[in-house]
Amino acid sequence: MLTKWDDITRTFSALDEFRRRINNAFDEAGHPRWVYQTDQRPAGSWPAINLYDEGSNLIVEAEVPGLTEDKIQLSLDENVLSISGERKVEVPKDYSVHRQERSSIKFARSFSLPSKVDSEKVAAAVKDGLLTVTMEKAKEALPRKITIKAS
């Protein structure tokens, strides 16, 4: 696009638009759009979780920013742990939105556990946006020590 030099406002406007597009391209490369727009998010990818085996316990940590314990549902069916919930982002009364990167999200994830757990001995807590689920392994899933006798 050729622009006359005396139309300086239009020239800088075009350069500013070009800069914005380049910044958006690099921003999306580092932070995929599905992080902010739930309709483009890959299925089953939120919340991010870690699963640890601590010998007698299995520990699941899930990142759930903005969610409280009453907004999260957990279920354990046989060897499958399911986490679901919903985060609603509401604009305060008499305010208008100028930029919104955190959107409402509804999620559900299920995954198989590596060993059987005692469903009566499961504890969960949310603190600082991190859900921690502690599950005690079932007695039959714990390693046994076998004594060797001399003959």
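The values are calculated or read from the model by the stated rules, or taken from the named source; none is laboratory data. As the structure is a computational prediction, the values presented were derived from the model and not from experiment. Note that each Cβ is placed from the backbone with ideal geometry, even for glycine, and that neighbours are counted across all protein chains shown. These accessible areas exclude ligands, DNA and RNA; they are computed on the full protein's heavy atoms, side chains included. Shrake-Rupley method; radii C 1.70, N 1.55, O 1.52, S 1.80 Å.
In table form, for the structure just shown:
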| quantity | calculated |
| --- | --- |
| The stretch 136-151 residues that are over 19 Å from residue 60 (Cα atoms), paired with ones that are open to solvent by 100 Å² or more (accessible area, probe 1.4 Å) and at pLDDT 80 or above (beta carbon under 8 Å, 6 or more apart) | 140/116 |
| Considering residues of the stretch 41-66 that are more than 15 Å from the chain's Cα centre (by Cα) and assigned to a strand (DSSP E or B) only, the residue surrounded by the most Cβ atoms within 10 Å (Cβ to Cβ) | 58 |
| Candidate set: the stretch 67-78, residues that are touching a residue at least 24 places away in the same chain (Cβ under 8 Å) and within 12 Å of residue 131 (Cβ to Cβ); chosen: the one most open to solvent (accessible area, probe 1.4 Å) | 69 |
| Selection from the stretch 119-137 of residues that are open to solvent by 100 Å² or more (accessible area, probe 1.4 Å) and of a type in the set (Asp, Glu) | 120, 128 |
| Unique match (being assigned to a strand (DSSP E or B), of a type outside the set (Lys, Arg) and either more than 17 Å from residue 47 (Cβ to Cβ) or touching a Gly at 6+ places or on another chain (Cβ under 7 Å) (or both)) among 122, 126, 91, 97 | 122 |
| Exclusive hit being exposed (fewer than 10 other Cβ atoms within 10 Å of the Cβ) and under 21 Å from residue 64 (Cβ atoms), set 140, 101 | 101 |
| Any chance residue 35 is of a type in the set (A, V, I, L, M, F, W, C) and modelled with pLDDT of 80 or more | no |
| All positions within the stretch 105-151 that are on the phi > 0 side of the Ramachandran plot and more than 26 Å from the chain's Cα centre (by Cα) | none |
| Residue check for residue 106: open to solvent by 50 Å² or more (accessible area, probe 1.4 Å), of a type outside the set (A, V, I, L, M) and assigned to a loop (DSSP other than H, G, I, E, B) | no |
